[in-house]
Amino acid sequence: MAPQEPLKNLPVGIQTFADVISGDFLYVDKTHYLHQLISPAKGVYFLSRPRRFGKSTTLTTLESIFQGKKELFKGLFISTTDYAWPIHPVIRLDMKYAAHPTFERAEMGLRNQLRTIAKNQGIELTLELIDDALTELIEKLHQKTHQKVVVLIDEYDKPLIDLLDDIPEAKKIQGLLKRFYGVLKSADEHIRFVLITGVSKFTKVSVFSDLNHLTDLTMDVRYAGLCGYTQEELEFYFSAWIEKLAETEYKTKEETLEKIKTWYNGYRLTKSAIKVYNPWSTMLLFDKQSFENHWFETGTPTFLVQAMKKEAFDLAILDHTISVSNFSTYDIEHLQILPLLFQTGYLTIKGYDEEMDTYELDFPNLEVARAFSVQLVGTFCELGETEDTGFRLGLMAALKADNLTEFFSILNHLFAKIPAHLHDKKEAYYHSIFIAACTMAGIPIEAEKFTSMGRSDAVLQSPTSIYVVELKMNQPADVALKQIADKRYTECYQHLNKTVIAVGVSFNYQERRIVEWRTN
């Protein structure tokens with residue numbers, strides 16, 4: 001790979017590969033993955049990745065490849081291979097144009113896309129039903145060009161995600177999409193390649209039930225780095241931008257890389273240990289020269305948080321494990337929140353137990369942890385925007401001042417705002433609220449911190465102190481303190497130049513508040 005030009009223009013908001021290359025924007029070469037994908041004579045694939053993770057650019061890159069536009073790939077990996085660049089007719093559908101509040105309008109959105117593609121290809125569609133029209137388009141393109149057809153579908157699940165609050169209408173559209181996507185099996189003899197992408201897999205079982213030849217790439221270790229940027233790619237392609245950011249931050253390049261990693265890296269999407277950066281956040285970081293919640297601000301997970309609240313989701317399992325089989329359990333009427341949080345990018349894989357075939361999930365990075373915690377606490381505690389800001393600033397100020405009395409008083413105000421029907425008798429539930437509240441406030445915190453003797457509930461840091469916290473339900477704070485002492489949770493922090501303080505916390509379920517806290 002040849003070094004990039006200094007400060008090569010960033011393709012912020014540009015998703016079409018041809019536009020990126022023609023405009024001389026920075027492009028992170030992913031064509032080694034795509035060459036591997038298209039090398040077989042036939043392929044029908046599905047890929048789920050979080051929003052703004054490069055799915056659209058991947059599809060438009062494939063579109064240019066199958067259209068034989070070899071000149072766009074000069075200097076990229078695929079240009080060094082023996083790929084012959086045959087020209088295939090391409091049907092690229094963006095399902096956001098079928099995302100409407102009614103079945104009729106969704107059907108119209110699909111019909112209009114098919115008619116536009118047919119018109120551009122000089123083909124007249126005569127059949128009215130959507131699935132029949134797609135079949136007709138595929139067959140006529142094959143007949144006209146004597147080349148098999150490539151079908152690329154973006155945001156396949158968008159029409160359903162937008163209707164999760166209207167299940168009857170969503171089920172109508174689910175039936176429509178099932179018939180529509182089913183064509184890809186019945187018209188198989190006319191098809192060279194298919195790639196369907198989306199944010200989630202929760203509709204896969206019912207929508208794609210007829211596509212038993214569909215290969216799911218979502219957790220395929222061979223394509224772990226297809227979307228997003230690996231550490232190697234970040235440091236190679238964005239080297240000049242990293243240096244510019246280091247100057248802006250008045251830090252060394254090494255310090256800046258570590259901060260970028262903390263904020264935006266951490267997405268592990270397969271069993272492989274490969275982690276990737278969110279491409280949207282990374283691009284905006286360099287463009288704005290500012291560490292912010294870039295990805296989260298483009299679309300907060302309102303439907304997810306509201307679904308968690310509606311289903312009285314147990315927050316205590318946010319940092320627990322999930323079995324492999326649960327990743328494939330999806331039903332629009334009974335959402336499986338944990339796998340959905342993973343697929344949509346709010347949780348990621350932190351570990352894999354091969355013997356048990358289970359995954360440990362957690363927030364991928366600081367951006368998501370902070371921003372999602374704001375949504376979580378704000379929704380479950382029913383905070384308004386002003387209250388939300390007040391609680392965050394108050395918690396941070398109290399800890400900075402090492403004022404634990406004020407700190408726990410603010411937490412009790414938060415617990416008091418949780419509606420009665422959302423309270424849970426599990427200790428882990430309040431532990432999760434505690435962690436989310438601290439994360440929301442921007443307090444440096446480690447949850448479930450492992451030591452040689454076990455793991456403490458949380459470790460918080462102020463400018464001068466380290467607080468090792470243990471929370472107990474309906475037990476005296478002294479019991480929590482004794483556990484910290486017996487398990488020697490504080491020992492691993494004694495070498496640091498800060499005061500290490502053990503904090504035992506007692507939460508009373510009947511009163512639904514912290515009734516006691518003690519320090520060593």
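Bear in mind that the values in this text are calculations on the coordinates, not laboratory data. Owing to the predicted nature of the structure, the values given are computational and were not obtained by experimental measurement. Using ideal geometry, Cβ is built from the backbone for each residue, glycine included, and neighbour counts are taken over all protein chains shown.
A few comments on the model shown:
- Degrees separating the helix 103-120 axis from the principal Cα axis of the chain, which is the longest one: 50
- Rounded tilt (10° steps) of 55-66 against the dominant C-alpha axis of the chain: 20
- Residues whose amide H falls under 5 Å from that of residue 352, counting only those 5 or more places apart or on a different chain, are 360, with hydrogens built in the peptide plane.
- The length gained by stretching the chain between residue 7 and residue 222 to full extension, at 0.36 nm per residue less their Cα-Cα distance, is 74.3 nm.
- Cα centre as origin, Lys/Arg/Asp/Glu Cβ charges: region 35-117 dipole, Debye: 220
- Cα-derived Rg to Rh of the chain, Kirkwood definition: 1.01
- Under a 5 Å amide H cut-off, with hydrogens placed 1.01 Å from N, residue 277 pairs with 229, 230 among residues at least 5 apart or on other chains.
- In the chain, helical runs assigned H by DSSP with n ≥ 4 each contribute -39500 (n - 2.57); averaged across all residues and rounded to the nearest 500, the mean residue ellipticity at 222 nm is -12500 deg cm²/dmol.
- Antiparallel DSSP beta bridges within the chain, percent to nearest 5: 50
- Whole-Hz couplings from phi, Karplus 6.51/-1.76/1.60, listed for region 403-419; x for Gly and Pro: 9, 5, 4, 5, 4, 6, 5, 5, 4, 5, 4, 5, 4, 5, 8, 6, x
- Between the helical axis of 385-400 and the longest alpha-carbon principal axis of the chain there is an angle of about 50 degrees.
- Charge dipole (debye, nearest 20) of the chain; +1 at Cβ of Lys and Arg, -1 at Cβ of Asp and Glu: 420
- Counting DSSP beta bridges with both ends in region 403-520, the antiparallel % (nearest 5): 65
- Selection among 67, 180, 145 by position relative to the dipole of region 29-223 gives 67 as farthest towards the positive end (Cβ unit charges, Cα centre).
- GluC sites (Glu not before Pro) restricted to DSSP loop in region 365-416 with at most 15 other C-beta within 10 Å: 382
- About its Cα centre, the dipole of region 231-290 is roughly 320 debye, where the only charges are +1 on Lys and Arg Cβ and -1 on Asp and Glu Cβ.
- Pairwise centroid distance, computed over Cα atoms, of region 258-298 with region 346-413, Å: 19
- Which of 31, 230, 445, positive extreme of dipole for the chain (C-beta unit charges): 31
- Relative contact order computed over region 231-290 (Cα-Cα under 8 Å; 6+ residues apart), in percent: 29
- Between 10, 403, 266, the Cα set farthest toward the positive side of the dipole of the chain (charges on each charged residue's Cβ, about the Cα centre) is that of 10.
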